[in-house]
Every structure is written in C-alpha cells, then in structure tokens.
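A.B. asks: Could you have a look at this structure, given as structure tokens, before my questions?
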Amino acid sequence: MTDPPAPRESLAASSSFLRACRGEPVASTPVWLMRQAGRFQAEYRAIREKVGFLELCKTPDLAAEVTVFAVRQLGVDAGIIFADILLVLEPMGLRVTFEKGDGPVIHDPIVGARDVDRVTGEIDAASLGYVGDAIRGFKRELPRVPLIGFAGAPFTLASYAIEGGGSKNYVATKRLMYEDPGAFSALMERLSVAITRFLSMQIDAGADAVQLFDSWAGALSPRDYRAHVAPHMKRIVDALPDGVPVITFGTGTGGFLEELAASGADVVGVDWRLDLADAARRLPGVTLQGNLDPVTLFGPVSAMKPAVEAILAAARGHRGHVFNLGHGILPGTPVDHVRALVELVHELSAR
C-alpha cells in the first residue's frame, strides 16, 4: 500500500527542486531532464511496441508508469508527466494524428480568420482528464517526488495548427501573423484560455510545478515576440494559482530571454546555444534551468564532467538553478550516461 499524497506545503519545504524554483538554498542542485521518459529507454520502447503514442498518452496507468519508471531509473529530483503538447488541440476542435515517420499531423489546418472561428478556447478540462488521472497515479506511487505538469505555449501550438505539422521556416504562421494580426491574436487568445484551463486542471490533480514549452518561439525576432506572443504568455502566468512555480522554455530564445522572464514565470529555461553565465547576468532575479547540450550525453562520461562543472560554476551565486539539458534527451542516448549525468550534478554541486 502506498503512502497518501504529501500535502503540497510539506513537499515544498523538503524538495530541492521546488526550493530552487523559488530561489531558496539547496543542499545540491536539483536535476530533471526533458524527455526523461522516452525512446532512449528499452522499457519505454517495449511498451510502445504494444500501444501507439496517443494511446499511451490517453491511458493514465501507462502514462503514470513510464513517468514513475523514469524517476526511479535515473534518480532525478522531479518527474514530468508523460503527455504531449498537442493534446489540448483536440478539445479545441482540431484533429491531431501521429503518423509513423512524419510526426504529428493537424488535419484541416488554420488558414485565415474563418478557420479561427471554428476553434474554441473555452474547453472543458474534463476532456483532458486522462492527464489528471495520470498525475494522480504518479502521486500515489511517489507522493514525495515533485511532479511537473506542462502544456505547449500559444505560439508553438499556433504554429502547429497553422502549418499542419512541423516546419522549418514557419512561413504560413508568420504570413497570417503579418497579413491578419487580428485573426492571429484571436487564435492566440483562444489558445491561451485553453492552455490556462489545461494547466489549472493539472495543478488541481497534484502537479507541483508547470512548464510552458515554446519550442518554436526562437523562429521569431525579439520585436515580433514582444508584439505577438509576450502578452499572451503573461496572461497565462497571471491566471495560474499562486504558489505553484511556472517554468517557461523555448529553443533559440537567447535574443529575448528578458521577454520570457517578463511573463512572470518563476524559472526561465535556457537552451545550450547560450552561455548560462550570460543568462545569469541578464536575469539576476529569476531561477534558471538548463543547459547542457543533449549530444554531450553521447560522448564519454569523462568528457561530461567539465561540461557539467562549467554550467554549475556559471550558476553559482545566482538566485536559483535547476540543472537540465538545453532540450530533450535524444533517441539512442545511452541510459547509463544519463544516470551518470544525474550523479555528477548531485556530486559536483553538493554544498
């Protein structure tokens, strides 16, 4: 029989991850890794041989299982619930499938204002209740381990919805943004409402922190980010409950980190393209997350140590630091190298 879930106040007092998010002293730097449950694990691949990706996301027992397994296998300081950023698009009225070899496909993508009208932000969060059930399953199994809920950020979700899938240059997305800023803003507003409801549901289910993944925000200029994205990010962060740390992360966003922090997020994720010391100088009052190059994990463990030391040194004395990769763990990454990374972070950062 598992222990009952720990009160959030008790967990917050003892968790190095949540303490670091709030900028409080920690005994050692906490570490978790984006995509810490995924294809690099033989156990995950065995499950995927039996069920499709969306089925795994929508089966709470399995989603909780792979989330718990990653924490136990790797020894990380926080879990992140197994789900996908595109799940929220379905109750908004968009059909999403995952095609083998092609990734996600959004059918009938948004082309103009008329298409925006068929998308709703007023979603019933219960339609995504399977994510909440998976969170509760994790907390029953590991009640004292912090769990991160997450959602895609508005611009990244808008890009998928407009492009119909992934993109290199985001031509369709930017064209709509430039040609019809009103329609683009309306889409971003509806996405923001849906994202807020989705994250609030995850917090109600037991998530101890939440992360907004703006994977494609780096495709924008600082000016366009400020004009078309920043207000919506702030609206989401302002609407979430107090006391639950919010992390924002995007790749290629080194040119406007200050705008990410201006959302009010407690933690700003940094990718590997920017020296963490530079980020620390620019964001003195915000906890930083990151930022090891994921490919470092393919090299020998001996080469990993100086890279980890450099990142820890860059964060030393800063308000707070959560160690992570600069993006997700890549398929084919050796599991023993991931475990070695976690051990290195704890060992080298011990106060």
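A.B. asks: Hey, which lysines would be in cross-link range of Lys234, C-alpha to C-alpha under 27 Å, not counting anything within fewer than 8 residues on its own chain?
C.D. replies: Reachable lysines: Lys168, Lys174.
A.B. asks: Say the dipole of the chain comes from +1 at the beta carbon of Lys and Arg and -1 at that of Asp and Glu; which of Pro104, Gly254, Ser28 then lies farthest toward its positive end?
C.D. replies: Toward the positive end, the furthest listed residue is Ser28.
A.B. asks: Next up: Give the cross-link partners of Lys50 among the lysines, using a straight C-alpha distance below 28 Å as the criterion and excluding same-chain residues fewer than 8 apart.
C.D. replies: Cross-link targets: Lys58, Lys100, Lys139.
A.B. asks: Can I ask one more? Which shape class applies to region 83-137: rounded if a/c is under 1.5, otherwise prolate when a/b exceeds b/c and oblate if not, where a ≥ b ≥ c are the square roots of the Cα gyration tensor eigenvalues? Before the final figure, lay out each step's value.
C.D. replies: Details: a/c = 3.87, a/b = 1.31, b/c = 2.95.
Because a/c hits 1.5 or more and a/b fails to exceed b/c, region 83-137 counts as oblate.
A.B. asks: Then there is this: Dipole magnitude of the chain about its Cα centre, charges +1 at Lys/Arg Cβ and -1 at Asp/Glu Cβ only, in debye to the nearest 20?
C.D. replies: For this selection, approximately 440 debye.
A.B. asks: State whether region 181-333 is rounded, prolate or oblate according to the following rule on the C-alpha gyration tensor (a ≥ b ≥ c being the square roots of its eigenvalues): a/c under 1.5 gives rounded; otherwise a/b larger than b/c gives prolate, and the remaining case gives oblate. Can you show the working numbers first?
C.D. replies: Details: a/c = 1.78, a/b = 1.62, b/c = 1.10.
Here region 181-333 falls in the prolate category.
A.B. asks: Rounded to the nearest 500, what is the chain's calculated 222 nm mean residue ellipticity when only DSSP H runs of at least 4 contribute -39500 (n - 2.57) each, over all residues? Kindly include the intermediate steps, with their values, before the conclusion.
C.D. replies: Details: 16 runs with 160 residues, N = 351.
When only DSSP H runs of four or more count, the value is -13500 deg cm²/dmol.
A.B. asks: Can you tell me the 0 to 90 degree angle between the C-alpha axis of helix 60-74 and the longest principal axis of the chain, rounded to 10?
C.D. replies: With rounding to tens, the tilt is 40 degrees.
A.B. asks: As I understand it, the dipole of the chain uses +1 on the Cβ of Lys and Arg and -1 on the Cβ of Asp and Glu, about the Cα centre. Which of Pro331, Ala194, Leu283 lies farthest toward its positive end?
C.D. replies: Leu283
A.B. asks: How do the peptides 150-163, 255-268 rank, highest first, by the average count of neighbouring beta carbon atoms within 10 Å per residue?
C.D. replies: On the way: 150-163: 25.4, 255-268: 20.7.
Most protected by this proxy first, the peptides run 150-163, 255-268.
A.B. asks: Would you kindly derive the ³J(HN,Hα) couplings of region 172-186 from the backbone phi angles with the Karplus curve 6.51 cos²θ - 1.76 cosθ + 1.60 (θ = phi - 60°), listing them in order in whole Hz, with x for Gly and Pro?
C.D. replies: The phi angles translate into 5, 5, 5, 4, 5, 4, 7, 6, 9, x, x, 5, 5, 5, 4 Hz.
A.B. asks: Follow-up question, since we're still on this one. Taking the mean number of other Cβ atoms within 10 Å as a proxy for protection, how do you rank 127-140, 291-304 from highest to lowest?
C.D. replies: 127-140, 291-304
A.B. asks: How far, in degrees from 0 to 90, does helix 129-141 lean away from the longest principal axis of the Cα atoms of the chain, to the nearest 10?
C.D. replies: So the inclination is approximately 10 degrees.
A.B. asks: Tell me the net charge near Leu341. Cut-off is 13 Å between Cβ atoms, Leu341 excluded, with +1 for each Lys or Arg and -1 for each Asp or Glu.
C.D. replies: Numbers: positive: Lys305, Arg339; negative: Asp77, Asp293, Glu309, Asp336, Glu343, Glu347.
Result for the neighbourhood of Leu341: -4.
A.B. asks: Follow-up question, since we're still on this one. With only Lys, Arg, Asp and Glu charged, each at its Cβ (+1 for the first two, -1 for the last two), find how big the charge dipole of region 19-81 is about the Cα centre; round to the nearest 20 debye. All intermediate terms of the calculation are to be shown ahead of the outcome.
C.D. replies: Values: 9 positive and 7 negative charges, 31 e Å.
Its charge dipole is roughly 140 debye.
A.B. asks: Just flag the GluC sites (Glu not before Pro) in region 51-134 sitting in loop per DSSP whose Cβ has no more than 10 other Cβ atoms within 10 Å. Could you put the intermediate results ahead of the total?
C.D. replies: Values: sites: Glu55, Glu65, Glu99, Glu122; in loops: Glu122.
Here the sparse-neighbourhood loop sites are Glu122.
A.B. asks: If you line up the long axis of helix 154-163 against the longest principal axis of the chain, both from Cα atoms, how many degrees apart are they, to the nearest 10?
C.D. replies: Tilt of helix 154-163: around 50 degrees.
A.B. asks: Provide the three semi-axes, in whole Å and in decreasing order, of the ellipsoid equivalent to region 8-254 as defined by the square roots of 5 times the Cα gyration tensor eigenvalues. Before the final figure, lay out the partial values.
C.D. replies: Numbers: eigenvalues 178, 90, 54 Å².
Equivalent ellipsoid semi-axes, largest first: 30, 21, 16 Å.
A.B. asks: Normalising by the residue count of the chain, find the relative contact order in percent from Cα pairs under 8 Å and 6+ residues apart. Spell out each step's value before the answer.
C.D. replies: Numbers: 671 pairs, mean separation 75.6, N = 351.
It rounds to 22 percent for the chain.
A.B. asks: Would you work out the charge dipole size for region 201-333 about its Cα centre, treating the Cβ of every Lys and Arg as +1 and the Cβ of every Asp and Glu as -1, and quote it to the nearest 20 debye?
C.D. replies: Details: 10 positive and 14 negative charges, 61 e Å.
Charge dipole of region 201-333: 300 debye, to the nearest 20.
A.B. asks: Classify region 5-140: rounded, prolate or oblate, from the alpha-carbon gyration tensor (a ≥ b ≥ c, eigenvalue square roots; a/c under 1.5 rounded; otherwise prolate if a/b is larger than b/c)? Write down the numbers at each step before the final one.
C.D. replies: Numbers: a/c = 2.18, a/b = 1.54, b/c = 1.42.
Taking the square roots of the gyration eigenvalues as a ≥ b ≥ c, region 5-140 is prolate.
Read the figures in this text as sums done on the coordinates, not as results from a lab. Because the structure is a prediction, the values reported are computed rather than measured. Cβ: placed from backbone, ideal geometry, glycine included. Neighbour counts: every protein chain shown.
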